Amino acid sequence: MAESHEEFKQFNVDLWKFDGHEGALIPLLQSAQDTYGYVPEKAMHYISHVTGIPAAEIYGVVTFYAQFRTRPLGKNIIRVCNGTACHVNGVKMLYDTLQEELGINYEETTDDGLFSLVSVACLGCCSLAPVLTINGEVHGRLNVAKTRKIIREFRTRTKASEQ
Amino acid sequence: MKTILVGLGTCGISAGGEKVYRALQEELKEHPGTFELKETGCIGMCYREPLVEVIDDGESHLYAEVTPERIGRIVEEDVIGGTQIDDWLALAGGQAEGFFDKQVRIVLRNSGIIDPGSIEEYIARDGYQGVTKALKEMTPEEVIKDVLDSGLRGRGGGGFPTGKKWEFTRASAGDKKYIICNADEGDPGAFMDRSVLESDPHSVLEGMMIAGYAIGADEAYIYCRAEYPKAIARLRQAISQAQRRGLLGEDILGTGFNFHIKIKEGAGAFVCGEETALIASIEGRRGMPRFRPPFPAVSGLWGKPTNINNVETFANIPWIIQNGGAAFAAYGTENSKGTKVFAMAGKVQRTGLIEVPMGLTIRSIIFDVCGGIIDNKRFKAVQMGGPSGGCIPAEMCDIGVDYQEVNKTGAIMGSGGLIVMDETTCMVDVAKFFLTFTQAESCGKCTFCRIGTKRRREIPERITDGQGTMDDLDNLEELSDQIRAASLCGLGQTAPNPVITTLKYFRDEYEAHIVDKKCPAHVCTPLLTYTINELCNGCTACARACPTAAITGEKKGMHFLDQELCIKCGKCFTVCRFDAVTKD
Ligand SMILES: Cc1cc2nc3c(=O)[nH]c(=O)nc-3n(C[C@H](O)[C@H](O)[C@H](O)COP(=O)(O)O)c2cc1C
């Protein structure tokens with residue numbers, strides 16, 4: 001089944017490290033998301049075509065796991081930790097500040113496409129609570145001023161790199 | 001020559017450790033040959049990162065909260081000049097007094113000491129000696145006996161005796177068996193496993209190899225949550241180093257033992273920490289638990305006998321094999337042997353990672369090891385065991401950390417997250433937090449866990465909104481009992497614990513919310529009242545910050561807050577520098 005199909009030509013087949021092993025579905029979806037920033041519907045059909053797993057089942061797996069997104073996100077992804085330690089140490093302040101700076105709620109993207117705000121269960125950096133990550137980079141022991149500064153710096157940096 | 005170690009675990013990096021490392025690289029260019037620069041993992045003092053250690057012939061100076069600006073002086077005065085800078089030492093002024101005194105480091109034996117990216121350094125500290133001894137000098141049965149003798153119980157939360165589990169899996173019929181390392185660490189407030197994987201990945205690999213030999217498995221998986229990119233990178237590197245040295249692969253150490261380890265990245269689902277759900281997830285399906293028996297020891301991955309253990313459980317194994325089960329069992333209490341790693345977080349002075357012998361009291365952990373409560377506030381409770389655990393009130397914290405003692409309180413030992421709470425933590429809000437968590441993470445298979453958790457979450461929501469009734473408390477208890485009885489896996493079965501313990505020990509707080517419409521900890525916004533008191537000098541900061549123009553007043557005159565317009569956002573309270581806004 002590994003031969004590529006006409007309508008999937010636009011996908012870079014090399015990215016889909018399918019080795020014929022069972023259990024490859026989640027790694028395949030992860031690699032699709034790494035490539036596109038989300039899992040496009042077409043990728044699900046393509047994976048179905050390559051692996052023989054029904055597309056409906058693949059969709060079921062995609063929607064089960066919090067990591068997978070079916071819509072694209074902004075350029076910079078801000079993940080706010082909502083673990084116990086962050087909760088106790090003031091994640092509300094963090095969320096309020098982000099909401100003020102960005103004008104968006106969790107699971108939303110700013111109009112300029114620069115930032116998406118995502119809530120995560122726990123980032124495991126509890127000793128630094130409250131914590132957020134931007135594109136995987138951890139920022140801890142946040143207060144209002146520090147949070148604002150980080151966001152503003154990111155905004156300037158992203159805008160500068162676009163020009 | 002002197003060696004300089006920089007802590008570059010996730011805690012060190014987020015505190016700015018990489019910038020410090022780069023500054024040291026620059027210094028090294030300027031003064032070539034003066035020192036050797038290395039990175040290390042986490043020593044546990046996350047609260048004082050970035051940490052830089054200058055080592056010279058066994059003597060060591062540990063500098064805390066180092067910035068790139070401080071590097072010049074450290075290199076000049078300490079490394080080159082040979083005099084330590086007292087003010088910057090981590091231990092200066094009693095800052096870390098007692099932090100290491102009561103610790104016994106078995107799991108964390110190498111953390112913060114070796115470079116986790118170097119297999120040589122692991123080997124230099126007796127690494128891979130345990131597996132060598134097992135393969136060359138012991139039969140699988142002897143290995144299992146040592147683990148049984150050690151009294152080691154699973155550190156993933158369940159506390160099942162590890163030796164017993166190995167025995168079962170060994171006894172299961174089948175020529176193909178698997179080892180799985182559970183590195184999903186989903187409990188919010190827990191980071192022991194992340195830190196061990198980042199700081200000493202080889203100890204986990206070695207533990208898995210010994211398990212493989214003991215039960216007769218030649219293939220293994222590490223299921224690591226995707227939120228831990230650094231840990232995954234460390235594991236990849238460690239596996240390929242071990243392969244290159246012939247410590248993983250075919251015919252290991254010429255003994256005919258074969259062992260292969262693969263990494264599977266999780267995809268963000270708490271329930272996948274449950275063993276049968278984890279196996280479903282490795283197989284590429286939705287991670288939903290199934291009924292047990294059959295236990296994985298009989299029918300696990302791809303239907304084959306599978307032994308699944310937690311990261312910390314595995315990290316103990318090489319030490320146990322090397323030193324003997326009795327040496328491990330010498331620590332601890334009657335039914336809880338050895339040590340336990342705890343991730344300290346919340347309102348405690350020293351947040352980070354500690355390892356103490358079982359039986360040490362919770363109070364001693366918080367006050368002697370971790371320096372007590374931040375700002376000398378009143379210690380109220382400690383949360384143990386995450387969403388499956390409970391809140392132990394301060395009055396009961398003289399119990400030792402021991403599986404049975406902790407269970408008696410209604411909490412559980414759990415995987416090791418210890419969240420300390422003070423007078424500013426609202427216990428109803430904490431219960432709401434865990435109920436929200438379990439509701440969001442329920443996989444949806446069992447009706448009571450799927451729908452019951454939602455209905456149950458609404459109760460503390462009502463209460464913290466000021467809409468609660470006393471009947472709500474009875475309903476909360478009843479619904480919790482039903483969810484416990486009608487759920488298949490531990491997620492639903494233990495989900496009532498946070499509620500039951502807070503109701504039992506902090507009923508007065510629930511009642512204050514319901515009857516007096518007050519939140520004693522001043523956390524639940526709808527129950528707060530802000531007023532401006534006579535300390536107001538009319539600086540106008542609050543009026544300018546107020547988003548609803550609820551505050552009026554002349555410059556230099558006392559201001560007034562209109563309760564009708566107030567949305568209780570707390571901005572006035574935050575901006576006031578004269579304590580003139582009262583929150584009640
Ligand atoms: C909802 C749920 C989540 C769990 N999460 C984890 C986890 O994150 N890490 C872990 O090691 N065990 C977790 N467990 C326990 C595992 O099912 C299993 O008991 C454990 O991995 C066995 O290893 P041990 O005997 O070494 O503790 C979880 C159990 C349940 C019910």
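Assorted remarks:
- Of all accessible heavy-atom area on the protein assembly as shown, the percent that carbon and sulfur account for (1.4 Å): 50
- Dividing the convex hull volume of the alpha-carbon atoms in segment B:427-516 by its residue count gives 71 Å³ per residue.
- Long-range tail of P(r) for the protein assembly as shown (Cα pairs > 53 Å, %): 11
- All alpha carbon pair distances within segment B:156-257 were sorted into 5 Å bins beginning at 0; the resulting P(r) in whole percents reads 2, 11, 20, 22, 19, 15, 8, 2, 0.
- Net charge over other residues, Cβ less than 15 angstrom from the Cβ of B:S240 (K, R count +1; D, E count -1): +4
- Dimensionless Rg over Rh [segment A:76-162; C-alpha; Kirkwood]: 0.95
- Those residues of segment B:283-311 whose amide nitrogen sits under 20 Å from the label point placed on B:A486, 7 Å along Cα→Cβ: B:289-292
- Set B:K177/B:K264; B:K517/B:K583; B:K136/B:K164; B:K136/B:K177; B:K38/B:K340; B:K164/B:K340 screened for pairs whose C-alpha atoms are more than 25 Å apart: B:K38/B:K340
- Diffusion coefficient, µm² s⁻¹, Stokes-Einstein with Kirkwood Rh over alpha-carbon pairs of segment A:40-95 at 25 °C and 0.890 mPa s: 176
- Computed from protein heavy atoms with a 1.4 Å probe, the total accessible area buried between B and A is close to 3100 Å².
- Rounded to the nearest whole angstrom, the semi-axes of the ellipsoid equivalent to chain A, taken from the Cα gyration tensor as √(5λ), stand at 35, 18, 12, largest first.
- Legend: mean number of C-beta atoms from other chains within 10 angstrom of residue C-beta atoms, peptide A:125-137, equals 6.
- For segment B:471-547, the set of GluC sites (Glu not before Pro) satisfying both a DSSP loop assignment and a count of at most 14 other C-beta atoms within 10 Å is given as B:E534.
- Amide hydrogen neighbours beyond the local backbone of B:A226, cut-off 5 Å, H modeled: B:G266, B:A267, B:G268
- Evaluated with a Cβ-only charge set (Lys, Arg +1; Asp, Glu -1), the protein assembly as shown carries a dipole of roughly 1160 debye about its Cα centre, given to the nearest 20.
- With protein chains left intact and a 1.4 Å probe, residues in segment B:484-542 average 40 Å² of accessible area per residue.
- Based on DSSP H segments of at least four residues, each scored -39500 (n - 2.57), the protein assembly as shown has a per-residue ellipticity at 222 nm of -10500 deg cm²/dmol.
- The label point for B:K454 and the one for B:E120, both projected 7 Å from the Cα toward the Cβ, are 5.9 nm apart.
- Antiparallel beta bridges, as assigned by DSSP with both residues in the protein assembly as shown, represent about 55 percent of the total such bridges.
- Solvent-accessible heavy-atom area per residue, rounded to whole Å², over chain A at 1.4 Å: 49
- Among the listed pairs B:K432/B:K454; A:K146/B:K568; A:K149/B:K230; B:K432/B:K504, a Cα-Cα separation exceeding 21 Å is found for A:K146/B:K568; A:K149/B:K230.
- Here segment B:529-583 was treated as a single set of alpha-carbon atoms; its pair distances binned every 10 Å from 0 give 29, 64, 7 percent.
- For segment B:309-370, the spread of Cα positions along the three principal axes, ordered from largest to smallest, is 37, 24, 16 Å.
- Chain B pair-distance distribution - Cα-Cα, 10 Å bins, rounded %: 3, 16, 23, 24, 18, 10, 4, 1, 0
- Taking the average, over residues, of other Cβ atoms within 10 Å as the packing measure, peptides B:217-230, B:567-580, B:114-127 rank B:217-230, B:114-127, B:567-580 from highest down.
- Full extension of the chain between B:I399 and B:T540 yields a length gain of 45.7 nm, computed as 0.36 nm times the residue separation minus the alpha carbon distance.
The values are calculated or read from the model by the stated rules, or taken from the named source; none is laboratory data. Here the structure is a predicted model, which is why all the values come from computation and not from measurement. Note that we place each Cβ from the backbone using ideal geometry, even for glycine, and neighbour counts take in every protein chain shown. For the accessible areas, the whole protein counts, side chains as well, though only heavy atoms, and no ligand, DNA or RNA atoms are used. Shrake-Rupley method; radii C 1.70, N 1.55, O 1.52, S 1.80 Å.
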